[in-house]
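Okay, structure first, notes after.
The values are calculated or read from the model by the stated rules, or taken from the named source; none is laboratory data. None of the values given here were measured: they were computed from a predicted structure. Counting neighbours? That spans all protein chains shown, and the Cβs are built from the backbone with ideal geometry, glycine included.
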């Protein structure tokens, strides 16, 4: 039986916002805590580019990742983006990276990890933005989703705005 209060809405749709590549500093392993192993992946730079904005990732911020006992990584990311015309944008996102047990050895291997097909693991994020720039103020009011994957020297995401 369905609840009569439930409304039938259109499917959720998205539009490409940008592709971002984040270069990472060597990891800082904070250690095993009550929730799992905490690791800091510090941002060392990078770039982003899309139809409405482009620029660089500043070397401020990073991912205070939590590796749960079941092997899933919980993301807690804060980054600063600088647009090509000088605006600063604070980007935050959480998410999950679920790697099947049979792929964990490959992902841990510093050489083979970049050859693993991103479709074989689940790496999703939920970016939000904050800026004081009038030109990019529209970012303050949107919700996004992202698909992550490994690249040499860091990580990358395809980010889409939920419309």
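More than 18 Å from residue 99 (Cα to Cα) and surrounded by 18 or more Cβ atoms within 10 Å (Cβ to Cβ), is that true of residue 86? Spelling it out, it is not the case that residue 86 is more than 18 Å from residue 99 (Cα to Cα) and surrounded by 18 or more Cβ atoms within 10 Å (Cβ to Cβ).
Output yes when any residue across region 28-46 is surrounded by fewer than 17 Cβ atoms within 10 Å (Cβ to Cβ), more than 16 Å from the chain's Cα centre (by Cα), within 15 Å of residue 154 (Cα to Cα) and at pLDDT 95 or above, and no when none is. Yes - at least one qualifying residue is present in region 28-46.
A count restricted to region 7-56 and to residues that are in contact (Cβ under 8 Å) with a residue 60 or more places away in the chain and more than 17 Å from residue 77 (Cβ to Cβ) stands at 7.
For region 15-36, a residue qualifies if it is over 22 Å from residue 149 (Cβ atoms) and assigned to a strand (DSSP E or B), and the qualifying residues are 28, 29, 30, 31, 32, 33, 36.
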